[in-house]
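Each remark here refers to the structure printed beneath this line.
The values are calculated or read from the model by the stated rules, or taken from the named source; none is laboratory data. All values derive from a computational prediction rather than experimental measurement. Using ideal geometry, Cβ is built from the backbone for each residue, glycine included, and neighbour counts are taken over all protein chains shown.
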Amino acid sequence: MRIRHLRIVVGVLLILASLISACQPIGEGPAAEGQSGSAKTVESMKVAFVYVGPVGDLGWSYAHDQGRLALEELGVETAYSELVAEGPDAARVLQSYASQGYDLIFATSFGYMDSVIEVAAEFPEVKFEHATGYKTAENVGIYDGRGYQGWYLAGMVAGAMTQSNVLGYIAPYPIPEVVRNLNAFALGAQSINPLVEVRPIWIFAWFDPPAEREAAQALIDAGADVVARESDSVEPDKLAEEQGVYAIGYNVVNPDIAPQALLTAPIWNWHVIYEKKVRDVAAGTWTNEPVWWGMEDGVLDLAPVAEFVPAVVQIAVEEVKEGILDGSFQFFCGPIYDNAGEERVAAGECMDDPALLSYDWLVAGVTGQIPQ
């Protein structure tokens, strides 16, 4: 389903008002509005998860499910539903968990947003957390990670390894999150190899193995010798192995799937957020304050770079990663031009969070336009 940019940007601006006015760091400490009530133990908590894909996809849903399993190690009772379509099906599943007395429900796909808001209004005593969305309510919080950090590093590796100077990128939906990651990938590649061109294909799906494989083949046919995917299946990785080109994975990494092709992957550690949120609900200190954490918080990382990548490239990537961790490396700093030649970020300036959260243009070196 195509998502209107204007609707997203308006919602993002509403979030930003709460972020800017908040007196405490994002995701830390109690706040007056949206605070939970009575305290309970972590072990007595019941927490449910709703996934858009299968937990065995080795992708987005798998990564979230690893966070769920980490909660079980703390003694939390958990449940999950996989392959839940965005729309009425999601509302039905959310209602079912809420009516069963679950204390906290995580909805892990952007398209669940309206269903979360709808069901949360029916169950004010239940806390809901929605991944990557922009709508909140008194009992609804939102959370995400700064995925662009990992994508910039992955772009550095891809830019160093390409020989054709053409990088492919399988993009799921034209929303700010995906646009931001795509641009970060391109800028990271250009920092190593200014000649690279990044060609995205928009597949309008998060998990669609046949469509992902078809897109990967089209990119390879167009000259890409590195194929990155922000989609969830490993089919593009496997195809890259078969075709003798390189791949950039996502969410998790399994080198055995494409040992000669897989360069690295931005990966998620969702348990960091999940454990924080569960402890807050248990302690009665939960708030609906938005969370947007990064690599420095442990929420995401870069998978080990393949051993066959030259050591000088690995060292360069590690140096930038260290800069991310200590805060010395700044992203999206000018001069940055869009792919129509217009200067979007002036020299000496960097994009702030409001601009990043409403990203709706492609940097120079990325082909095509964002679908409407």
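Taking the criterion of being more than 19 Å from Pro176 (Cα to Cα) and among the β-branched types (Val, Ile, Thr), the residues of segment 310-353 that qualify are Val312, Val313, Ile315, Val317, Val320, Ile324. The set of residues from segment 261-270 being in contact (Cβ under 8 Å) with a residue 40 or more places away in the chain and more than 21 Å from Asp144 (Cβ to Cβ) comprises Leu262, Leu263, Thr264. Each residue in segment 281-305 was checked for being in contact with a helix residue (DSSP H, G or I) (Cβ under 8 Å, 6 or more places away or on another chain) and surrounded by 15 or more Cβ atoms within 10 Å (Cβ to Cβ), and 16 pass.
Could you check segment 107-121 and list, in sequence order, the residues that are of a type outside the set (A, V, I, L, M, F, W, C) and more than 16 Å from Ala63 (Cβ to Cβ)? Gly111, Tyr112, Asp114, Ser115, Glu118, listed by residue number. Number of residues in segment 121-131 that are surrounded by fewer than 20 Cβ atoms within 10 Å (Cβ to Cβ) and of a type outside the set (Gly, Ala, Ser) equals 4.
So which residues in segment 242-275 are part of a helix (DSSP H, G or I) and either aliphatic (A, V, I, L, M) or crowded, with 18+ Cβ neighbours inside 10 Å (or both)?
Looking only at segment 242-275, we keep the residues that are part of a helix (DSSP H, G or I), and these are 242-243, 271-275.
Passing the criteria: His271, Val272, Ile273, Tyr274.
Is it true that Ala63 is modelled with pLDDT of 95 or more and assigned to a helix (DSSP H, G or I)? Before you say what the answer is, go through the steps one by one.
Numbers: modelled with pLDDT of 95 or more: yes; assigned to a helix (DSSP H, G or I): yes.
Answer is yes for this residue.
Just to be sure I understand, how many residues within segment 70-108 are within 20 Å of the chain's Cα centre (by Cα), touching a residue at least 40 places away in the same chain (Cβ under 8 Å) and under 24 Å from Tyr250 (Cα atoms)? Within segment 70-108, residues that are within 20 Å of the chain's Cα centre (by Cα), touching a residue at least 40 places away in the same chain (Cβ under 8 Å) and under 24 Å from Tyr250 (Cα atoms) number 5. What's the total number of residues in segment 153-178 that are in contact with a strand residue (DSSP E or B) (Cβ under 9 Å, 6 or more places away or on another chain) and within 22 Å of Glu296 (Cα to Cα)? Going through segment 153-178 one residue at a time, the tally reaches 6. Taking the criterion of being in contact with a Pro (Cβ under 9 Å, 6 or more places away or on another chain) and closer than 18 Å to Asn181 by Cβ, the residues of segment 354-372 that qualify are Leu356, Leu357, Ser358, Tyr359, Asp360, Leu362, Gly365, Val366, Thr367, Gly368, Ile370, Pro371.
Looking across segment 66-94, just one residue is in a helix (DSSP H, G or I) and of a type in the set (Val, Ile, Thr), and that is Val93.
Contact map, segment 348-366: residues that are in contact (Cβ under 8 Å) with a residue 12 or more places away in the chain and at positive phi paired with residues that are charged (D, E, K, R) and in a strand (DSSP E or B), Cβ distance under 9 Å, separation 6+ or inter-chain. Pairs shown: Gly365/Glu197.
In segment 321-330, the condition of being without any contact (Cβ under 8 Å) to a residue 60 or more places away in the chain, aromatic (Phe, Trp, Tyr) and more than 29 Å from Val291 (Cα to Cα) is met by no residue.
For the residues Tyr134, Tyr112, Tyr143, the requirement of being assigned to a loop (DSSP other than H, G, I, E, B), within 22 Å of Glu275 (Cα to Cα), hydroxyl-bearing (Ser, Thr, Tyr) and touching a helix residue (DSSP H, G or I) at 6+ places or on another chain (Cβ under 8 Å) singles out Tyr134. Just so you know, in segment 220-237 the residues that are touching a residue at least 24 places away in the same chain (Cβ under 8 Å) and assigned to a helix (DSSP H, G or I) include one that is farthest from the chain's Cα centre (by Cα), and it is Ile220.
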